[in-house]
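To start, the structure under review is shown below, and the notes come after it.
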Amino acid sequence: MNKIALWQRYKSLLYYNQELGLYLDVSRMGFDDSFVRELSGKFQNAFVSMDALESGEIANPDEGRCVGHYWLRDPQLAPNKEFKEQIITVLEKIDTFTKQVHTGNIKPPSKDKFTNILSIGIGGSALGPEFVDQALSSDFPLMEIDFIDNLDPSGIDKVLIKLKPHLDSTLVLVISKSGGTLETRYGMREVEAFYKKNGLEFAKYAVAITMPGSLLDKYATQQGWLDSFAMLDWVGGRTSELSAVGLLPAALQGVDIHQMLSGAKEMDIATRVHDVYHNPAALLALSWYYATDGRGKKDMVILPYKDSLLLFSRYLQQLVMESLGKERDLDGNIVHQGIAVYGNKGSTDQHAYVQQLREGVPNFFITFIEVLEDRLGKSLELEPGITSGDYLSGFFQGTRSALYENGRDSITITIAEVNPRSVGALIALYERAVGFYASMVNINAYHQPGVEAGKKAAAVIIDLQTKILALLQSSKQPLDLTSIAQDIQAQEDIETVYLILRHLEANRRGIKLIGDRSKPDTLQVIFEPN
């Protein structure tokens, strides 16, 4: 397509939202009007399904729950008075608590104010807050925040060592919907022990974000924690950023959370339109369906041309992949759906993997995210009339053109600046697009059986380890691998037994392996108490 024809296509397909200052350009996707007409039935079903979801219809039959993250930014839409009051109450409590912390009315025992935040959570309880922290926290936030979002012991140590000088003024947020998520529970125990080791009473520094009545909520009450904020049963982890999960840490940092909610609400209004060409989330879903043939045949590459949006791709990895990565459709057919997501940032990508994107395997489509404002204030002219922001914009436009010229499809989202309102809008845009796409390919976007299967498998490993240790502690002589597996009735899991033993030995847990390491089935295992 020549440049004039491409310009005409750009104008005909450009979506612009004046209230949000947001542009969406899908002109570099190869679909035509006939393709859109072929999908009209799927889109009408998607629009109707989304309306039903927002009205309170059960959307997660596995757990008998409705899905209501849209109500978080507009409580008036909640299907009943109870849900509406829950949303308003939590938001008011966040505002009050944040003000009390900032003014020192809620403070640590030996300091005038809390100065730092440590957030403990995983998955949806971490990725959203981490993204918003990098996107929106100021150079000098009201409170600095760190995260424990994994059970890597050395990673936990690194965070705690960094925080040690400020430990007596660090507020700890423990985020777990059920309170039973082991990664979060064990991360909390590590932090709790660290506070105790340093002569501090953990309860005086701790806040829970969890469902009322959960294991975590009960523990927080029993231990006398500072407070507990409600997570709502009908909000899933990957759509929880605009609940207490994301709003409390953001508010404590000084982010205007009401502007985030306002941006999301405005985007929700825009994405309720039953017209593909005038609905930005529908345009995204259309582009995804075209690029992937409705079967995830290509990956989604996210390239934000702004440092502060680097973590957006990580946030979208969970939102998109956990929502769309499903083995079966709603009719029970095996379909193996999903879209893989990865990303970097411009123009770092120019020096990383754009070479493959342009000339390698064409197994992807790209979403560029352009931010019009370079910086606050005037930029230095590095050459006459040229600033660093001009070069960044040039790299974005040049990369987009070079990829298109080589047959690589791309979407471009443009926002005026990165602020709470635009970030809220981006979150809402992708939440809705995921819902539309899921409806089009006939899957449930709001459950995650694969995640639950992984948790159950991990529990089996821990149970095996307990049996192995009990056996070796009671044995008076060395045992070989086969004997251990037989004694604990795990003959079919002998490789797992070996991997557990190797891990225990490396971490000085009293296990010693003797023999040729290249022949694991010949090793002798002894227990030597530390």
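The values are calculated or read from the model by the stated rules, or taken from the named source; none is laboratory data. Note that this is a predicted model, so its numbers are computed, not measured. Cβ placement follows ideal geometry from the backbone for every residue including glycine, while neighbour counts extend to all protein chains displayed. What goes into the accessible areas is simple: the full protein's heavy atoms, side chains included, and nothing from ligands, DNA or RNA. Shrake-Rupley method; radii C 1.70, N 1.55, O 1.52, S 1.80 Å.
The table below lists the values:
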item: Subset of region 110-122 that is in contact (Cβ under 8 Å) with a residue 24 or more places away in the chain and assigned to a loop (DSSP other than H, G, I, E, B) - its residue that is surrounded by the most Cβ atoms within 10 Å (Cβ to Cβ); result: 121
item: Boolean, residue 344 is touching a Lys or Arg at 6+ places or on another chain (Cβ under 8 Å) and either crowded, with 20+ Cβ neighbours inside 10 Å or of a type in the set (S, T, N, Q) (or both); result: no
item: Residues being modelled with pLDDT of 95 or more, more than 21 Å from the chain's Cα centre (by Cα), closer than 24 Å to residue 255 by Cα and surrounded by fewer than 19 Cβ atoms within 10 Å (Cβ to Cβ) - total across region 140-167; result: 4
item: Matching option when the condition is among the hydroxyl-bearing types (Ser, Thr, Tyr) and free of Cβ contacts under 8 Å to residues at least 24 places away in the same chain, among 323, 347, 379, 313; result: 379
item: Selection from region 1-21 of residues that are in a helix (DSSP H, G or I), open to solvent by 80 Å² or more (accessible area, probe 1.4 Å) and either under 16 Å from residue 280 (Cβ atoms) or not aromatic (Phe, Trp, Tyr) (or both); result: 3, 4, 8, 11, 12
item: Candidate set from region 57-90 (those that are in contact with a Gly (Cβ under 9 Å, 6 or more places away or on another chain) and basic (Lys, Arg)); member that is most open to solvent (accessible area, probe 1.4 Å); result: 65
item: Residues of region 485-508 satisfying the condition of being surrounded by fewer than 16 Cβ atoms within 10 Å (Cβ to Cβ), touching a helix residue (DSSP H, G or I) at 6+ places or on another chain (Cβ under 9 Å) and not in a helix (DSSP H, G or I); result: 489, 507
item: The one condition in (1) under 18 Å from the mean Cα position of the chain (by Cα); (2) more than 18 Å from residue 130 (Cα to Cα); (3) open to solvent by 60 Å² or more (accessible area, probe 1.4 Å) that residue 183 fails to fulfil; result: (2)
item: Close pairs from region 283-309: first farther than 13 Å from residue 366 by Cα and outside any helix (DSSP H, G or I), partner open to solvent by 10 Å² or more (accessible area, probe 1.4 Å) and not polar (S, T, N, Q), Cβ under 7 Å, at least 6 apart; result: 294/441; 296/338; 306/371; 306/418
item: Within region 267-276, considering residues that are surrounded by fewer than 19 Cβ atoms within 10 Å (Cβ to Cβ) and touching a residue at least 12 places away in the same chain (Cβ under 8 Å), the one farthest from residue 428 (Cα to Cα); result: 274
item: Of residues in region 91-139 being closer than 22 Å to residue 418 by Cβ and acidic (Asp, Glu), the one farthest from the chain's Cα centre (by Cα); result: 139
item: Residue ID - farthest from residue 396 (Cα to Cα), chosen from residues in region 22-53 that are open to solvent by less than 20 Å² (accessible area, probe 1.4 Å) and not aliphatic (A, V, I, L, M); result: 47
item: Options 93, 107: the member that is surrounded by 16 or more Cβ atoms within 10 Å (Cβ to Cβ), out of contact with any helix residue (DSSP H, G or I) (no Cβ under 6 Å at 6 or more places or on another chain) and free of Cβ contacts under 8 Å to residues at least 12 places away in the same chain; result: 107
item: Counted residues, region 124-146 - those being closer than 21 Å to residue 264 by Cα and not in a loop (DSSP other than H, G, I, E, B); result: 12
item: Of all residues making up region 319-349, the number that are more than 17 Å from residue 299 (Cβ to Cβ), outside any loop (DSSP other than H, G, I, E, B), polar (S, T, N, Q) and at pLDDT 95 or above; result: 0
item: Subset of region 457-480 that is more than 40 Å from the chain's Cα centre (by Cα) and of a type in the set (A, V, I, L, M) - its residue that is surrounded by the fewest Cβ atoms within 10 Å (Cβ to Cβ); result: 471
item: Residue check for residue 365: surrounded by 12 or more Cβ atoms within 10 Å (Cβ to Cβ), of a type in the set (A, V, I, L, M, F, W, C) and more than 16 Å from residue 310 (Cα to Cα); result: yes
item: Residue list for region 292-318, filter: open to solvent by less than 10 Å² (accessible area, probe 1.4 Å) and either modelled with pLDDT under 95 or of a type in the set (A, V, I, L, M, F, W, C) (or both); result: 300, 301, 302, 303, 309, 312, 316
item: Selected residue (criterion: nearest to residue 93 (Cα to Cα)) from residues of region 232-266 that are of a type in the set (Asp, Glu), open to solvent by 10 Å² or more (accessible area, probe 1.4 Å) and part of a loop (DSSP other than H, G, I, E, B); result: 256
